[in-house]
Amino acid sequence: MIAVENIRRVYTPGGTPVVALNDVSLNIGTGEFVAVMGPSGSGKSTFMHIIGCLDRPTSGAYRLDGEDVSGFSKDKLAEVRGKKIGFVFQGFNLIPRTTAVENVELPMLYNGFEAKERRRRALEALITVGLEEKADRRPNELSGGQQQRVAIARAIVNDALIMLADEPTGNLDTKTSQEIMELFVRLNREAGKTIIVVTHEPDIASYAKRTVRFRDGNITKDERKW
Amino acid sequence: MVNLPAIVKISLRALLVNRMRSALTMLGMIIGVAAVITMMAVGTGAGDRIAAQMASMGSNLLMVFSGAATTGGSRMGAGTMPTLTMRDTEAIRKECPAVEDAAPIVNGTLQVVYGNQNWSTIVIGTTPNMLEIREWPVSEGRPFQWEDVRSATKVCLLGQTLVDNLFLGADPLGQTVRIKNVPFTVIGILKKKGQNPTGQDQDDTIYVPITTGQKRLFGAQLFDMVRIIFVKAKSFDDLDSAETQITELLRQRHHIGPRQDDDFNVRNLTQIMQSAQSAVNTVTTLLSAIASVSLLVGGIGIMNIMLVSVTERTKEIGVRMAVGAKSVDIRFQFLIEALLLSLIGGALGIVLGIAGAQVFASVVGAPVIITLSSILLAFGFSAAVGVFFGYYPAYKASQLDPIEALRYE
Ligand SMILES: Nc1ncnc2c1ncn2[C@@H]1O[C@H](COP(=O)(O)OP(=O)(O)O)[C@@H](O)[C@H]1O
Ligand SMILES: [Mg+2]
């Protein structure tokens, strides 16, 4: 599903190069549930951006679903994101003043779905995350946990194969964090989603079947629970 | 493919969220478009009025006035001795090749009495061909004939204003009106003509055979003398040569030496009208150009607000990109938002402009004409402003880096 080979990402903001990813190779198969851990600045987010097709590696190869996407144009990457990837962010990133169901519809807006079909699938996704009753609420009328559920619904609505969550529980309390992680587990188990979650917390990582550790832009550990 | 209906909905919502800001931004467009529409309506109205008056005067007309040229002002009814004669008229008719026809006029302002009503009007003595030269048929009854001129019969043709004011609805045909106590039989009514280019009511008049006028109404001094000769040139292109031929002919007939001034003056009505019309066109164009500067200002306002909007919604743009929006989707979203601002502003401006033109018409009393083409032009201009000034902010939005945009707070 995801195959990265010797990828390197160097930022050169003010001239001095910053190596965010040094030399990373990793394979993630369909249906895996991976936790990505590591200290701050170790390159976790950069890694997620690259496998999420938001960014391109400076060098190295990335094959997604059998397709080498490392040389894709911005628009081609956008298309890949829209079809194959669902993002969940720490800050939820819902569009303000827009109802939950409309937020969930968002990815389908750029994928040529009919309005009716968009609405049907969005409501279905909201049912999956248990928020069908809040379909017409706006983000500011929802709790943090509910907002994150809407974001998860948005990430699954396209039948995306891969869900990428960068510290999805970073803004949530422990109980809500557990609920969100249970939702991920359920999506992984029942819907067969490939899920990659970045987290600091071992508790959160323990929901995953596999843990990958980053340090200074390299993978230092890769262990499977069972 | 860009999902246009969905994007329009998004843009409309964004505009509604910032109602006040959107309204103020549109105001620039509204004022600009309204100003252009009003200017064009007033200008077209004025031009059209001149054209109508031109037509009402008769086409390819020259007027030869008795007496030396004065700058501006009409010589009609001036107290000077006429210098033109009936024989001058005949000479112009017969000897100037560029002239199709000519008719003399004697005139004066006199009281016309019918029963116990009286009305002060311009009495015109002329010959029957005058009605053809001025393209002014009678609407009822019959015109007078050359025979009436030869025998100086006491018949008259009434202008519509006179009919309205003297007869108060009664049928004037066959009735007798008195001018200077001379009884005239009404044999015809002149078709309603409206104002002339100087704003005079052309229907406030009464036509009598020129000989009757000379003998009975305007005194012995006017015998054979005429104040004005109306000349119709063979065609528009003949106007200039007709003017030259008439001037030469009259100088010769009046024995005017090479260094002496003319004792008559020729005016080319068609040319006067046309220069008036082109002056109106120039002013209209100028005012519309000035008005369209405010469209430009409106456009800059739109650009300004769109840049603010793009910055404010950087995060939203990042989210849209993350879920699969291509740069064209983002560009369209903001372009359509700008276009909606300018088009809604433009539409409201058109409404306001039409209203403004109507107010102008009723306050100033001048006719205004709102043409479909001016509305389409204004609308097209609004669209162009929206696209032109919306493009840069939209382009800027579409070029954002999704990661940077997502990180924006
Ligand atoms: N846009 C950027 N420009 C410059 N340096 C960056 C940029 N993004 C990340 N970095 C640097 O790359 C390194 C890895 O960052 P990141 O992937 O965000 O780490 P993590 O998510 O593990 O905290 C850090 O040293 C960070 O400062
Ligand atoms: Mg990070």
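Rule-based calculations on the coordinates, nothing more; no lab input. Here the structure is a predicted model, which is why all the values come from computation and not from measurement. Cβ sites come from the backbone with ideal geometry, for glycine too, and all protein chains shown count toward neighbours.
Once a ≥ b ≥ c are taken as the square roots of the eigenvalues of the Cα gyration tensor of the range B:131-286, is the result rounded (a/c under 1.5), prolate (a/b larger than b/c) or oblate (a/b not larger than b/c)? Write out the running numbers ahead of the final one.
Numbers: a/c = 2.39, a/b = 1.31, b/c = 1.82.
It is oblate, given that a/c is not under 1.5 and a/b is not larger than b/c.
At 0.36 nm per residue, minus the direct Cα-Cα distance, what do residue B:173 and residue B:109 gain on full extension? Give it in nm, one decimal, please.
Values: separation 64, 0.36 × 64 = 23.04 nm, distance 2.25 nm.
That works out to 20.8 nm of additional length.
Quickly estimate the mean residue ellipticity at 222 nm for chain A, helices only: each DSSP H run with n ≥ 4 gives -39500 (n - 2.57), and the total goes over all residues, rounded to 500.
Numbers: 7 runs with 77 residues, N = 226.
Only helices count here, giving -10500 deg cm²/dmol.
So if we plug the beta-carbon distance of residue B:383 and residue B:274 into 1/(1 + (r/R0)^6) with R0 = 30 Å, what FRET efficiency do we get, rounded to 0.05?
0.30
Report the residue, chosen from A:151, A:205, A:191, that carries the largest GNM mean-square fluctuation when chain A is represented by alpha-carbon nodes joined by springs under 10 Å.
A:191
Could you tell me which of the pairs A:84/B:315; B:180/B:234; A:225/B:315 are separated by over 32 angstrom between their Cα atoms in the structure shown? Could you put the intermediate results ahead of the total?
Details: A:84/B:315 22 Å; B:180/B:234 38 Å; A:225/B:315 37 Å.
The answer is B:180/B:234; A:225/B:315.
Enter the angle in degrees (range 0 to 90, nearest 10) between the Cα long axis of helix A:174-190 and the first principal axis of the Cα atoms of chain A, meaning the one along which they spread out most.
90
Can you give the extra length, in nm with one decimal, that the chain gains between residue B:118 and residue B:181 once fully stretched, where that is 0.36 nm per residue apart less the Cα-Cα distance?
On the way: separation 63, 0.36 × 63 = 22.68 nm, distance 1.19 nm.
The residue B:118-residue B:181 span can extend by a further 21.5 nm.
Using only Cα atoms and rounding to the nearest 10 degrees, what angle (0 to 90) does helix A:144-156 make with the longest principal axis of chain A?
With rounding to tens, the tilt is 80 degrees.
Can you tell me what share of the DSSP beta bridges in the protein assembly as shown is antiparallel? A percent to the nearest 5 is fine.
On the way: 60 of 86 bridges.
Of all bridge pairs located within the protein assembly as shown, approximately 70 percent are antiparallel.
Count charges around residue A:217 for me, please; just the other residues with Cβ under 9 Å from its Cβ, Lys/Arg as +1, Asp/Glu as -1. Please list the in-between numbers first.
Values: positive: A:8, A:9, A:215; negative: A:23, A:216.
Cβ neighbours under 9 Å give a net charge of +1.
Have a look at the DSSP beta bridges in the range A:2-224 and tell me what percent are antiparallel, nearest 5. Please list the in-between numbers first.
Values: 20 of 37 bridges.
Percent antiparallel among DSSP bridges in the range A:2-224 is about 55.
With charges set only on the Cβ (+1 for Lys and Arg, -1 for Asp and Glu), what does the dipole of chain B come to about its Cα centre, in debye to the nearest 20?
Details: 34 positive and 32 negative charges, 156 e Å.
For chain B, the charge dipole is close to 740 debye.
Which of the trypsin sites (Lys or Arg not before Pro) across the range B:218-286 are loop residues per DSSP, with 13 or fewer other Cβ within 10 Å? Write down the numbers at each step before the final one.
Numbers: sites: B:227, B:232, B:234, B:251, B:253, B:259, B:267; in loops: B:227, B:234, B:259.
Those satisfying the criteria are B:259.
Say each of residue B:16 and residue A:138 gets a label point 7 Å from the Cα, pointing the same way as Cα to Cβ; how far apart are those two points in nm?
1.1
Quick check: the angle from helix A:74-84's long axis to the longest principal axis of chain A, C-alpha only, nearest 10 degrees?
Taking Cα atoms only, the helix is inclined about 60 degrees.
Taking a spot 7 Å from the Cα of residue B:2 along the direction of its beta carbon, which residues of the range B:298-338 have an amide N less than 14 Å from it?
B:325-338
Kyte-Doolittle mean at least 1.6 and Cα extent at least 15 Å along the axis: which DSSP H helices of chain B qualify? Show your work: numbers first, answer last.
On the way: long enough: B:4-17 (20 Å, 1.81); B:19-57 (55 Å, 1.02); B:239-253 (21 Å, -0.73); B:269-312 (64 Å, 1.20); B:327-364 (53 Å, 1.70); B:372-398 (37 Å, 1.14).
Those that clear 15 Å and a mean of 1.6 are B:4-17, B:327-364.
How charged is the neighbourhood of residue B:25? Take every other residue with its Cβ under 12 Å from the Cβ of residue B:25, and add Lys/Arg as +1 and Asp/Glu as -1.
Residues close to residue B:25 contribute a combined charge of +1.
What's the magnitude of the charge dipole for the range A:50-208 around its Cα centre, counting Lys and Arg as +1 and Asp and Glu as -1 at the beta-carbon? Answer in Debye, nearest 20. Don't jump to the answer; show the numbers that get you there.
On the way: 22 positive and 24 negative charges, 75 e Å.
Taking the Cα centre of the range A:50-208 as origin, the dipole is about 360 debye.
On a C-alpha basis, how far is the centre of the range A:34-100 from the centre of the range B:208-250 in Å? Whole number, if you could?
Cα centroid to Cα centroid, the span is 94 Å.
For the range B:117-247, what is the percent of antiparallel DSSP beta bridges, rounded to the nearest 5?
Details: 10 of 19 bridges.
Bridges in the range B:117-247 are about 55 percent antiparallel.
By how many nm would the segment from residue B:236 to residue B:87 grow when fully extended, if each residue of separation counts as 0.36 nm and the alpha-carbon distance is taken off?
Numbers: separation 149, 0.36 × 149 = 53.64 nm, distance 2.53 nm.
My answer for the length gained is 51.1 nm.
With r as the distance between the Cβ atoms of residue B:23 and residue A:174 and R0 = 51 Å, compute the FRET efficiency 1/(1 + (r/R0)^6) and round to 0.05. Walk me through the numbers before you get to the answer.
On the way: r = 47 Å, r/R0 = 0.92.
Result of the calculation: an efficiency of 0.60.
For each pair in A:83/B:396; A:134/B:326; A:83/A:221; A:44/B:326; A:44/A:193, compute the distance between the two Cα atoms and list the pairs where it is over 27 Å.
Numbers: A:83/B:396 25 Å; A:134/B:326 29 Å; A:83/A:221 31 Å; A:44/B:326 25 Å; A:44/A:193 20 Å.
With Cα atoms farther than 27 Å apart: A:134/B:326; A:83/A:221.
If R₀ is 41 angstrom, what is the calculated FRET efficiency for the pair residue B:142 and residue B:355, using the beta carbon separation as r and rounding to 0.05? All intermediate terms of the calculation are to be shown ahead of the outcome.
Numbers: r = 48 Å, r/R0 = 1.17.
Taking R0 as 41 Å, the efficiency between residue B:142 and residue B:355 is 0.30.
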